[in-house]
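Data block below; observations after.
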Amino acid sequence: MAAARVRNGGRPTLEEVAARAGVGRGTASRVINGSPRVSEATREAVQAAVAELGYVPNRAARALAGNRTDAIALVVPEPETRFFAEPYFSAIVRGVGAALADTEMQLLLTLAGNDRERRRLAQYLTAHRVDGVLLVAVHADDPLPELLEQLGMPCVISGARHANEPLASVDSDNFDGARAAVEHLITRGRRSVATITGRLEVYGAQRRLDGYRAALAAAGLPPDERLIAPADFTEEGGARAMRELLARRPHLDAVFAASDVMAAGARQVLREADRRIPDDVALIGFDDSVVARHMHPALTSVRQPIEEMGRRMAQLLLEEIAGRTGERPTVVLPTELVVRDSS
């Protein structure tokens, strides 16, 4: 082994790995590149040879040979202000980073919150400078997923855009999470339950509204459109929606906000109106972010496993890039209602 290292300038070659493992060069290459088309015994033999010889793959050569960049893009089609204001996005990034930690993939974070940024991103992707894309917070009318399909670019999105989503996607159970939240309010004796929705062009926001309506129907409470106020997942939007609700229905006794950030905006307006939480108005959010735990009173919230969503997205994308999956799965992770003082 030592002689082999000296003969090759101190760096073992792929041929020496193959010879040590008793396989061909092509088979050794497939094992090192993670191909599933080898037996377990062969994989173990090649991996043992790699360890014994101290072989380090030439990453640049691997990328060139496979037309690969060893990079993936995490694309958030939102402005920078929203990205840094919402804990959801940082949790997704942590999950993706954890999944990539033991790989050679580089993660490129790209914000595309306006038309100019989107055009630049489209040019970048058309040049195939990344091996795949993770799309977060995609709107139903966003043209980017179609562009990626046209380019044949592997892609996974966080949350389906509609019920028949053709791309691989990972999301939490928005419908069941919202339904559980509203059921909790009803079991606590609340009868005039309002909701502050996210932007309804986002399918997840639609599903949370569907869950709200389903819980009211199951309890025999009549629907009242004046108890529904649309917003945009921001604190300012939550505050505006809360003012609208109080103007329409001043005697409402509960609010389900489709995000913790919007619930924070609603809480401020309720305080300004001298409405006590939860005595006068119970309040529930969605995400179970750090915002929920630091509010006073502490916010009851629907916990969605955001970091796990990021991990699963990255894992699915790596499988698609490696050609290990011929299908595009839809993964829906369960939610959990975390009850605190606000309800």
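Taking Rh as the Kirkwood radius computed over C-alpha pairs, what is the Stokes-Einstein D of the stretch 24-179 at 37 °C in a medium of viscosity 0.692 mPa s, expressed in µm² per second?
On the way: Rh = 18.0 Å.
Roughly 182 µm²/s, to the nearest whole number.
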>> Given points 7 Å out from each Cα along the Cα-Cβ axis, report the Glu236 to Glu201 separation in nanometres with one decimal.
In response: 1.8
> For labels at Asp70 and Thr126 in the simple 7 Å Cα→Cβ model, what's the distance in nm?
Replying inline: 2.9
>> Suppose we keep just the alpha-carbon trace of the stretch 263-343; what are its Rg and Dmax in angstrom?
In response: 18.3, 59
> Ranked by accessible surface with a 1.4 Å probe, highest first, in what order do Arg240, Arg208, Arg267 come?
Replying inline: Arg240, Arg267, Arg208
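Restricting to Cα atoms and excluding each atom paired with itself, what does the Kirkwood estimate give for the stretch 174-303 in Å? List each step's numbers first, then the result.
Values: mean 1/r = 0.0721 Å⁻¹.
So the Kirkwood estimate lands at 13.9 Å.
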>> Can you tell me which of Gly198, Gly285, Gly54 moves the most in a GNM of the chain? Springs connect C-alpha atoms under 10 Å apart.
In response: Gly54
> Just by accessible area at a 1.4 angstrom probe, what is the order of Ser90, Ser301 from largest to smallest?
Replying inline: Ser90, Ser301
>> As an exercise, identify the trypsin sites (Lys or Arg not before Pro) in the stretch 87-132 lying in DSSP coil whose Cβ has no more than 14 other Cβ atoms within 10 Å.
In response: Arg129
>> Just to confirm, what accessible area per residue do you get for the stretch 68-159 at 1.4 Å probe, in whole Å²?
In response: 46
> Not counting the cut sites, what is the longest span of the chain without GluC sites (Glu not before Pro) that DSSP labels loop and that have at most 14 other Cβ atoms within 10 Å?
Replying inline: 202-326
> Between Leu148, Gly22, Gly159, whose Cα lies farthest towards the positive end of the dipole of the chain when Lys and Arg beta carbons carry +1 and Asp and Glu beta carbons carry -1, centred on the Cα centre?
Replying inline: Gly22
> Roughly how tilted is helix 115-126, in degrees to the nearest 10 and between 0 and 90, from the longest Cα axis of the chain?
Replying inline: 30
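Over the stretch 63-170, what is the relative contact order in percent, taking alpha-carbon pairs closer than 8 angstrom and at least six residues apart?
Details: 144 pairs, mean separation 32.6, N = 108.
Reported relative contact order: 30 percent.
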> What residue among Thr300, Val75, Leu108 has its Cα farthest toward the positive end of the dipole of the chain, where the charges are +1 on Lys, Arg and -1 on Asp, Glu, each on the Cβ?
Replying inline: Leu108
>> What are the extents of the Cα atoms of the chain along their three principal axes, in Å, largest first?
In response: 84, 38, 32
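Between Arg25 and Glu146, what length comes free when the chain is fully extended (0.36 nm per residue of separation minus the Cα-Cα distance, one decimal in nm)?
So the chain would gain 39.7 nm between Arg25 and Glu146.
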>> Charges at C-beta only: +1 for Lys and Arg, -1 for Asp and Glu. How large is the resulting dipole of the chain about its Cα centre, in Debye rounded to 20?
In response: 580
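The values are calculated or read from the model by the stated rules, or taken from the named source; none is laboratory data. In this text, all values refer to a predicted model and were calculated from it rather than measured experimentally. Reconstructed Cβ throughout: ideal geometry from the backbone, glycine too, with neighbour counts over all protein chains shown. Ligands, DNA and RNA are stripped out before the accessible areas are found, and what is left, the full protein with its side chains, is counted by its heavy atoms. Shrake-Rupley method; radii C 1.70, N 1.55, O 1.52, S 1.80 Å.
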